[in-house]
Amino acid sequence: MGNIKSAICASMMCADIFDMKNTLELLEKAEIEALHIDVMDGAFVPNFQLGTDFIKQLRSYSDIPMDIHLMITEPDKKLGFFDIREGDLVSVHAESTPNACRAIKNIASLGAHPILALNPATPICFAENLLDDIFALLIMTVNPGYSGQVLIPACINKISAARQFLDSRGYENIRIQVDGNVSFDTAPVLRSAGADLFVAGSSSIFRKNMDILSAAALLREKIK
């Protein structure tokens with residue numbers, strides 16, 4: 001998979017909303033690379049989750065870059081809702097819009113890093129015509145919508161296939177992000193398969209009965 005440095009994106013839908021300021025301070029101490037924000041509209045996925053006001057509040061308390069995961073219909077028409085800033089990561093789903101190319105280019109025009117997300121059953125070839133424009137490919141390892149799901153085993157082979165797909169076309173620089181049941185057990189397997197950006201939630205850094213600093217340090221060790 002090469003020597004691309006691994007990174008942790010903290011899944012904020014799993015954080016304790018009543019202890020957010022302390023949580024953000026701990027994430028900064030743990031040198032977490034990005035705050036993963038799951039935006040769900042109840043249409044593209046069967047759930048409602050984090051929105052524009054939540055993103056604004058996080059920005060007021062932390063300088064950690066945002067990793068805005070748009071699980072919404074027609075994201076190309078709604079990018080202006082989210083105060084996207086230079087250096088942010090922003091992912092749109094290939095399945096969510098017929099205008100993925102427009103959405104990706106508009107994200108880049110804002111100075112952010114565009115990511116194309118693929119659901120577990122979506123073929124890698126959907127990314128074929130966007131490789132010149134994306135920063136990363138997000139391979140969902142669960143069906144999007146809820147935290148706490150079990151990793152779909154076939155997605156491990158999909159990550160390996162995605163890395164080969166990218167490298168064989170000369171896109172070794174495109175990163176692979178994984179989202180879904182990134183645990184201390186699954187993370188090393190996902191890393192070996194080719195993942196380097198890890199969305200970490202209730203299975204790892206926000207695990208019950210474990211403090212954030214210890215959990216983050218352990219996850220770092222697992223994804224070296």
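The values are calculated or read from the model by the stated rules, or taken from the named source; none is laboratory data. Keep in mind that what you see is a predicted model, and the values were worked out from it rather than measured. Every residue, glycine as well, gets a Cβ built from its backbone with ideal geometry; the counts of neighbours run over all protein chains shown. Side chains are part of the model used for accessible areas, which takes the heavy atoms of the whole protein and leaves out ligands, DNA and RNA. Shrake-Rupley method; radii C 1.70, N 1.55, O 1.52, S 1.80 Å.
Considering only the stretch 153-164, how many residues are closer than 28 Å to T73 by Cβ and either buried (at least 20 other Cβ atoms within 10 Å of the Cβ) or modelled with pLDDT under 95 (or both)?
The number of residues fulfilling the criteria is 4.
Of the residues that make up the stretch 143-150, is at least one of a type in the set (A, V, I, L, M, F, W, C) and open to solvent by less than 30 Å² (accessible area, probe 1.4 Å)?
No: zero hits.
Tell me yes or no: at least one residue of the stretch 181-193 is free of Cβ contacts under 8 Å to residues at least 60 places away in the same chain, over 19 Å from E33 (Cβ atoms) and under 15 Å from the mean Cα position of the chain (by Cα).
yes
A quick yes/no check of all residues on (1) open to solvent by less than 10 Å² (accessible area, probe 1.4 Å); (2) within 20 Å of E28 (Cα to Cα); (3) of a type outside the set (A, V, I, L, M):
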{"position": "G170", "(1), (2), (3)": "no, no, yes"}
{"position": "A195", "(1), (2), (3)": "yes, no, no"}
{"position": "S204", "(1), (2), (3)": "yes, yes, yes"}
{"position": "L213", "(1), (2), (3)": "no, yes, no"}
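Results for (1) out of contact with any helix residue (DSSP H, G or I) (no Cβ under 9 Å at 6 or more places or on another chain); (2) under 26 Å from Q149 (Cα atoms), shown as yes or no for each residue.
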site	(1), (2)
K29	no, no
P46	yes, yes
Q49	no, yes
I55	no, yes
M66	no, yes
V92	no, yes
A100	no, no
A117	no, yes
P120	no, yes
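Output the residues belonging to the stretch 114-140 that are touching a Pro at 6+ places or on another chain (Cβ under 7 Å) and either of a type outside the set (D, E, K, R) or under 23 Å from A15 (Cα atoms) (or both).
Passing the criteria: N119, I134, F135, M140.
Which residue, of A217, A187, A112, A195, is farther than 22 Å from L50 by Cα and out of contact with any helix residue (DSSP H, G or I) (no Cβ under 6 Å at 6 or more places or on another chain)?
Unique residue meeting the criteria: A217.
Restricting attention to the stretch 21-45, and to residues there that are assigned to a loop (DSSP other than H, G, I, E, B) and in contact with a strand residue (DSSP E or B) (Cβ under 9 Å, 6 or more places away or on another chain), which single residue is surrounded by the most Cβ atoms within 10 Å (Cβ to Cβ)?
Among residues in the stretch 21-45 that are assigned to a loop (DSSP other than H, G, I, E, B) and in contact with a strand residue (DSSP E or B) (Cβ under 9 Å, 6 or more places away or on another chain), the one surrounded by the most Cβ atoms within 10 Å (Cβ to Cβ) is I32.
Can you tell me which residue within the stretch 67-89, out of those that are among the β-branched types (V, I, T) and over 23 Å from A121 (Cβ atoms), is surrounded by the most Cβ atoms within 10 Å (Cβ to Cβ)?
I68
I'd like to check something: does the stretch 46-66 contain any residue that is surrounded by fewer than 18 Cβ atoms within 10 Å (Cβ to Cβ), over 18 Å from the mean Cα position of the chain (by Cα), of a type in the set (G, A, S) and at positive phi?
No: the stretch 46-66 contains no residue that is surrounded by fewer than 18 Cβ atoms within 10 Å (Cβ to Cβ), over 18 Å from the mean Cα position of the chain (by Cα), of a type in the set (G, A, S) and at positive phi.
How many of the residues in the stretch 171-224 are touching a Phe, Trp or Tyr at 6+ places or on another chain (Cβ under 7 Å) and either of a type in the set (G, A, S) or in a strand (DSSP E or B) (or both)?
4
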